[in-house]
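Structure, as structure tokens:
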Amino acid sequence: MTNTEEKIMRIIDLRGKNLTRAELLEAMPRAQMGTQEATELVRPILDDVKARGAAALRDFEEKFDGIRPEHLRVPVEEMTRALETLDPEVRAAIEESVRRCRAVSASQVPAPFHTDLAEGARVSERWIPVQRVGLYVPGGKAVYPSSVIMNAVPAQAAGVESLAIATPPSKATADGLPDKTILATCAILGVDEVYAVGGAQAIAMFAYGAKGSEPQDGDVLCDPVDKITGPGNIFVATAKSLVSGIVGIDAVAGPTEIGIIADKDANPSWLAADLIGQAEHDELAGSVLFTDSTDIADKVQESLAYRVPRTEHADRVHTSLSGTQSAIVLTDDLDQSIAAANAYAAEHLEIQTADPDAVIARIRNAGAIFRGPYSPVPLGDYMSGSNHVLPTGGTARFAAALGVHTFMKPVEVIEYDERGLKELAARINAFAVSEDLPGHGECVLSRFVKDPYDKATLDEQEKEAGLK
């Protein structure tokens, strides 16, 4: 390419560098998030909703979304009407997405198990669904009925008894209701508790509950939930972080991102299209290509220069691709590409190499892996059966995608009989005494000796009881 000004994405050149783990992590492109400013704006919203309930929710909806909903809780008949008027092709697509997601989610349900350690000594584990969950569905630059599916289906597969969905009212309608496609999706899924509430105020409603302020609200508009899941902007993410000590959350999600590992045989036009597809989400979305081929890097830049002006959200895409959170990372070889990708820990990681399975076997950190040129990220966004609520901002190094497990709690059941406990009693006492917690040992010994508090005769008592 002769004109360097046409290169939309910046280059991070790792070639010839032997970086430490810390240096490699530091070299990865990331979105810059103003979390302190967001916290200062969000905290008063949380406090106001906690204090005033539905009255505060209506005030914030009017302030931030320009609509003052009459019905904060969407009437069920509105969801039924939305489904009846839904475009048949869109309905068929949603139903197919639901079918595939249900099939994968059903396979994710963990089975209880038990371990017998000795005669009369058993530890079991059972999985208990979270009782009540609040699902947040964003509605800013785009509407996401797909997020309804990705949150609700695994929760239903887990056996969650009570599901509530919050999503902003649509500015395209005058009635203060959310987007009709979102409402129709809720109807398809059988979720009838839906709120026309967005942003940080929705998170506050879920965390604290909200008392009614108008007759149609009832005394209690919304009961508090036990866990909140779903993506959102920086204000939603900050609100989730601030209430995480009160309720559980899935994650504090940042802007969406894609990483692609590509070798010299990859199709540069497809790579460019995949980078653009992710950049379309948000100006802060991250798009990163890891390649050891300068030829591929140049051809991708050429394809981007051709494609970006022709896509509908060209300005948004250009801002995203040219931002500090996006880059083409040049590497010495495939080994270094894999090391860099593991450091980046992409939310979505595409593998477009000659031997994708060999590369996948070496991937340690990714929210979801998309194998080969015919598994692009939008497949996972909508129809693959996998979940698109994924860890962002490098958190895939320790976090996982949302799934059935997100909505369940493993609980151990300890079941020892007299014989099982007797075999361990003296050892438990010795352990407890070593930690200066003699009451722990006395608790156990009380089952077998007359006076565990008489330390002078305790050894003899233990022997008489057959503990030693």
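The values are calculated or read from the model by the stated rules, or taken from the named source; none is laboratory data. Here the structure is a predicted model, which means the values were calculated and not measured. Every residue, glycine among them, receives a Cβ derived from its backbone with ideal geometry; neighbour counts consider all protein chains shown. Each accessible area value is taken on the protein alone, full model and side chains, heavy atoms only, with ligands, DNA and RNA left out. Shrake-Rupley method; radii C 1.70, N 1.55, O 1.52, S 1.80 Å.
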Being in contact with a Pro (Cβ under 8 Å, 6 or more places away or on another chain) and closer than 16 Å to Gln278 by Cβ is the filter here, so list the residues in segment 362-392 that pass it. Gly367, Phe370, Val389, Thr392
I'm trying to understand the selection: among the residues of segment 301-322, which are touching a residue at least 60 places away in the same chain (Cβ under 8 Å), within 31 Å of the chain's Cα centre (by Cα) and open to solvent by less than 10 Å² (accessible area, probe 1.4 Å)? Leu304, Val308, Leu321
Yes or no: segment 334-342 includes at least one residue that is within 19 Å of Pro154 (Cα to Cα) and modelled with pLDDT of 95 or more. no
Open to solvent by less than 50 Å² (accessible area, probe 1.4 Å) and either under 30 Å from Glu280 (Cα atoms) or in contact with a Gly (Cβ under 8 Å, 6 or more places away or on another chain) (or both), is that true of Ala396? yes
Among the residues that make up segment 159-175, is at least one of them surrounded by 20 or more Cβ atoms within 10 Å (Cβ to Cβ), at pLDDT below 95 and out of contact with any Asp or Glu (no Cβ under 7 Å at 6 or more places or on another chain)? no
Kindly list the number of the only condition in (1) over 28 Å from Ala368 (Cα atoms); (2) part of a helix (DSSP H, G or I) that fails for Ala272. (1)
Suppose we filter Gly286, Gly259 for residues that are of a type outside the set (A, V, I, L, M), farther than 19 Å from Lys7 by Cβ and open to solvent by less than 30 Å² (accessible area, probe 1.4 Å); which single one remains? Gly259
Could you tell me which numbered condition Ile228 fails, if it satisfies all but one of (1) open to solvent by 10 Å² or more (accessible area, probe 1.4 Å); (2) farther than 30 Å from Ile296 by Cα; (3) modelled with pLDDT of 95 or more; (4) not in a helix (DSSP H, G or I)? (1)
So how many residues does segment 31-45 have that are out of contact with any strand residue (DSSP E or B) (no Cβ under 7 Å at 6 or more places or on another chain) and surrounded by 12 or more Cβ atoms within 10 Å (Cβ to Cβ)? 8
If you take just the strands (runs of 3 or more DSSP E) that sit entirely in segment 88-147, which of them hold at least 1 residues that are exposed (fewer than 15 other Cβ atoms within 10 Å of the Cβ)? 113-118, 121-129
Would you check which residues across segment 344-357 are among the aliphatic types (A, V, I, L, M) and open to solvent by 10 Å² or more (accessible area, probe 1.4 Å) and list them? Ala354
Give the residues of segment 192-207 that are open to solvent by 10 Å² or more (accessible area, probe 1.4 Å) and either in a loop (DSSP other than H, G, I, E, B) or without any contact (Cβ under 8 Å) to a residue 40 or more places away in the chain (or both), sorted by residue number. Asp192, Glu193
